[in-house]
Amino acid sequence: MISQMARWVFGQRMETSRLQEEKLSVFWGMPILSSDAISSVAYAVEEILLVLVPVLGAVSFIWMPRIAGIIIVLMAILITSYRQVVDTYPRGGGAYIVAKENLSPLAGLVAGASLCVDYTLTVAVSICAGVAAITSAVPGLHIYRVDISVIFILLLLIGNVRGIRESARIFSLPTYAFIIAIISLVVAGLVQRAHGIPLAASPFPASEPVSWTTHAVLIFLLLRAFASGCSAVTGIEAISNAVPNFKEPAGRNAKIVYVLLALSILICFGGVAYLAYLFKTVPDPRQTVIAQLSLLIFGQGAMFYFIQATTALILAMAANTAFAGFPTLLSIMAQDGYAPRQMALRGHRLNFNNGITILTILAIILVIVFEADTHLLIGLYAIGVFTSFTLSQTGMLIRWLRLKTPGWHYKAFINGLGAVTTFVAAAIIGVTKFTEGAWIVFVVVPLIVLVMLRIKRHYQSVAEQLDIPNEALSQIQLAPAYAHHVIVPIDSLNAMVVKALRYARTLTNNVAAFHVEPYEGEADKLVRKWTMLNTDIPLVVKQSPYREVIGPLKEYIDSEEHASQPGDVITVLLPQFFVAKWWQMSLHNNTSLFIANALF
């Protein structure tokens, strides 16, 4: 019953030959891989205002549109740059592959580790922001935000384990619904403005111009606001990481998705920023900026709840971008030996289940530790992705300067501009967000890199020990030039033991049965029965004053009592029976399992 329920929840197995059917078209790939960047509309403007409003008051609405405009320009530079990455590296991997091949393996690991951190935070931040949209519409649910967030993450786990194409069908339509909802909001707000409908009065008194003495403080404040708004840029790299997930021609389809992403961000993010400027919307811990704008423009009617519902869904879908990018990136790193090899294995639905499961666990831990508070998580968010941006763009710049392929001047300018702007943004975010949690990323990324290097060193060590040079193959003798001894530990003489002894005799004639006697005289019955058995296999009985089995067995193996010589092979054959019900195993000693662990 459990197996059938699991197949119903997670889907039936799929043949490897159907992998091509699981690829994404432009229509389905755009929402799956772009929803993270698009969803930033729901919180990026609010994050800018949260920094500016408490200090600058009404003056905030002079600076906020300018900051949003700079972020849009930065997005445009990055999208153009990553289109070149897609052209050059159509097999995916994004910043990890670019930095590894053009800078150094260590730079690639830093980029990969930064992206892993960013993907994990993408899930946590997006889900928490989505839950915030729900609790804005239904305030009574605010105290259950952690539980709701965990449930959403588990639903994403189920949807993604069901396969790439099926998860696209489940999660794509809400993204398009959100885009339609935001465009409706922006158009309705602009129409009200055009018809002279009075806007909401500013809750602030008119502010005095900022004096020259406070310019340094103002600049730092604006940089902090820019750093907070840069959360809107996360997710752009996901498309280049997951190019192999597209149908052929995969590179062309990925580049089309980047164009659609650019248009969506320009309209939605730019539109919401302009509306917040027009309506002088002030951040409220219990109601998001999107919710306030919807309420002001449409009132508390069907459209208000539609926008809130699509906002919650798109934020959940933004988390799904990480479920598409993180396992793919981890599988590429696993193929290079920097992550456990299990990460490169496809599951029953042809996706990377192990990577999906790890991402789920890490995101749930973050949600619980930070109590599903979006603003606490935002401080950790953007530094990782901007680190990977900078390494990726620098790697591409080095590539063009080294190869000088046709049109390299233009390409080098684009990637060089991207490298400079993202480095400046990373520096700003690192400094202004350091005390707000960014320091954690500066600690975690090096630790992940160290773990990856240890994994690589382990695989290299194992490979060196197992490797046989080609010239040595002809000298290897597979014919046995040694003796084979089999030891069969037994507790009593029964049908299971008889089967084990018969099997041992098919391996060699050098077989011995081994029994431990915990109390004096306890083995007498076994010895009498053994003499009735028609066999020449010796029974070795060892006393154990401390009532342990493993110690005497190991001593016997190490001793010369069974006449083995250096170079001989010794096999310990453990009889084991299995019961009909899983719980019945708890009624038995399971000694063979303890012996196996000790011998391993």
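Calculate the FRET efficiency for Q576 and D284 from the Cβ-Cβ distance with a Förster distance of 60 Å, rounded to the nearest 0.05. Provide the component values of the computation, followed by the final result.
Working: r = 64 Å, r/R0 = 1.07.
Approximately 0.40, to the nearest 0.05.
With the simple model of a label 7 Å out from the Cα in the direction of the Cβ, L106 to L154 spans 4.4 nm.
Distance between the modelled labels on V369 and N590, one decimal in nanometres: 3.2 nm (7 Å Cα→Cβ projection).
In the stretch 509-572, what chymotrypsin sites (Phe, Trp or Tyr not before Pro) fall in a loop by DSSP, with at most 14 other Cβ atoms inside 10 Å? Write out the running numbers ahead of the final one.
Numbers: sites: F514, Y519, W530, Y546, Y556; in loops: Y519, Y546.
Sparse-neighbourhood loop chymotrypsin sites (Phe, Trp or Tyr not before Pro): Y519, Y546.
Considering just Cα atoms, how many Å³ per residue does the convex hull of the stretch 283-392 enclose?
Details: hull volume 16.8 nm³, N = 110.
For the stretch 283-392, the hull spanned by Cα atoms encloses 153 Å³ per residue.
Note on the stretch 346-371 and the stretch 450-483: Cα centroid distance 34 Å, given to the nearest whole angstrom.
Over the chain, what is the relative contact order in percent, taking alpha-carbon pairs closer than 8 angstrom and at least six residues apart?
Values: 873 pairs, mean separation 133.9, N = 600.
Computed value for the chain: 22 percent relative contact order.
If the chain linking Y482 and F220 were pulled fully straight, counting 0.36 nm for each residue of separation and taking away their Cα-Cα distance, it would gain 86.6 nm. The residues of the chain expose, per residue, 48 Å² of accessible area to a 1.4 Å probe. For a modelled paramagnetic label at H142, 7 Å from Cα along Cα-to-Cβ, the residues of the stretch 287-305 in reach, with backbone nitrogen under 18 Å, are 287-293, 295. How much FRET efficiency would the formula 1/(1 + (r/R0)^6) give for L453 and D568, where r is the Cβ-Cβ distance and R0 is 45 Å, rounded to 0.05? Between L453 and D568 the formula returns 0.70. Annotation: aspartates and glutamates with alpha-carbon distance below 14 angstrom to K433 (same-chain offsets under eight excluded): E47.
Along the charge dipole of the stretch 362-475, pointing to its positive end and built from +1/-1 on Cβ of Lys, Arg, Asp and Glu, which listed residue (Y459, A425, F413) has its Cα farthest out? Farthest towards the positive end: F413.
Would you mind working out the magnitude of the charge dipole of the stretch 277-399 relative to its Cα centre, with +1 at each Lys and Arg C-beta and -1 at each Asp and Glu C-beta, to the nearest 20 Debye? Could the numbers behind the result be given before it?
Values: 6 positive and 4 negative charges, 66 e Å.
Dipole size: approximately 320 debye.
Other residues with beta-carbon under 14 Å from the beta-carbon of N534 carry, at +1 per Lys or Arg and -1 per Asp or Glu, a net charge of +2.
To the nearest 20 debye, what charge dipole does the chain have about its Cα centre, counting +1 at the Cβ of each Lys and Arg and -1 at the Cβ of each Asp and Glu? Spell out each step's value before the answer.
Numbers: 40 positive and 34 negative charges, 329 e Å.
Around 1580 debye, computed over the chain.
For Kirkwood radius over Cα pairs in Å, the value computed from the atomic coordinates appears in the list (i) 24.5; (ii) 25.8; (iii) 28.0 under label (iii).
Approximating the spin labels as points 7 Å out from Cα along Cα→Cβ, the I440-to-V541 distance works out to 6.4 nm. Scalar couplings 3J(HN,Hα) for the stretch 382-399, obtained by applying the Karplus form with A = 6.51, B = -1.76, C = 1.60 to θ = phi - 60°, are 7, 4, x, 5, 6, 4, 5, 4, 4, 5, 5, 5, 5, x, 5, 4, 4, 4 Hz; x denotes Gly and Pro.
Quick check: the angle from helix 26-39's long axis to the longest principal axis of the chain, C-alpha only, nearest 10 degrees? Approximately 70 degrees, to the nearest 10.
Relative to one another, the C-alpha centroids of the stretch 492-554 and the stretch 249-263 are positioned 70 Å apart. The C-alpha atoms of the chain define a longest principal axis, and helix 145-161 lies at about 70 degrees to it. Dipole of the stretch 208-312 computed with +1 at Lys/Arg Cβ and -1 at Asp/Glu Cβ about the Cα centre; of A232, Q292, I256, farthest Cα towards the positive end is I256.
Calculate, for W583 and K499, the FRET efficiency according to 1/(1 + (r/R0)^6) with r their C-beta to C-beta distance and R0 22 Å; round to the nearest 0.05.
Details: r = 25 Å, r/R0 = 1.13.
After rounding to 0.05, the efficiency reads 0.30.
If you model the stretch 466-575 as an ellipsoid using its alpha carbon gyration tensor, with each semi-axis the square root of five times an eigenvalue, the axes come out at 32, 17, 11 Å, biggest first.
Within the chain, what whole-number % of the accessible surface is contributed by carbon and sulfur, with the 1.4 Å probe and all protein chains included in the calculation? In the chain, the share of accessible area belonging to carbon and sulfur is 64 percent.
Too long at a 21 Å Cα-Cα cut-off: which of K100/K456; K247/K404; K499/K529; K100/K411? List each step's numbers first, then the result.
Values: K100/K456 14 Å; K247/K404 30 Å; K499/K529 16 Å; K100/K411 19 Å.
Exceeds cut-off: K247/K404.
Averaging the Cα positions of each part gives two centres, and for the stretch 565-600 and the stretch 99-158 these lie 43 Å apart.
What number comes out for the charge environment of L295, summing +1 per Lys or Arg and -1 per Asp or Glu over other residues with Cβ under 13 Å away? Every neighbour counted, the sum reads 0. The stretch 362-465 has equivalent-ellipsoid semi-axes of 31, 25, 10 Å, by the square roots of 5 times the alpha carbon gyration tensor eigenvalues, sorted largest first. When only Cα pairs below 8 angstrom with a gap of at least 6 residues are kept, the stretch 477-566 shows a relative contact order of 29 percent.
Given their separation in residues at 0.36 nm each and the Cα-Cα distance between them, I2 and A302 gain 103.9 nm when the chain is fully extended. The value of relative contact order for the stretch 338-432, using C-alpha pairs under 8 Å at least six residues apart, is 23 percent. Note on surface exposure: F269, F370 rank F370, F269 by accessible area, highest first, 1.4 Å probe.
Each principal axis of the Cα cloud of the stretch 19-89 was taken in turn, and the coordinate range along them, longest first, works out to 55, 23, 15 Å.
Which order do peptides 469-477, 396-404, 501-509 fall in by mean Cβ count within 10 Å, highest first? Spell out each step's value before the answer.
On the way: 469-477: 7.1, 396-404: 17.6, 501-509: 14.1.
So the peptides 469-477, 396-404, 501-509, ranked by packing, come out 396-404, 501-509, 469-477.
The values are calculated or read from the model by the stated rules, or taken from the named source; none is laboratory data. As the structure is a computational prediction, the values presented were derived from the model and not from experiment. Here Cβ is always computed from backbone atoms with ideal geometry, including for glycine, and neighbour counts include all displayed protein chains. The accessibility values were calculated without ligands, DNA or RNA, using every heavy atom of the protein model including side chains. Shrake-Rupley method; radii C 1.70, N 1.55, O 1.52, S 1.80 Å.
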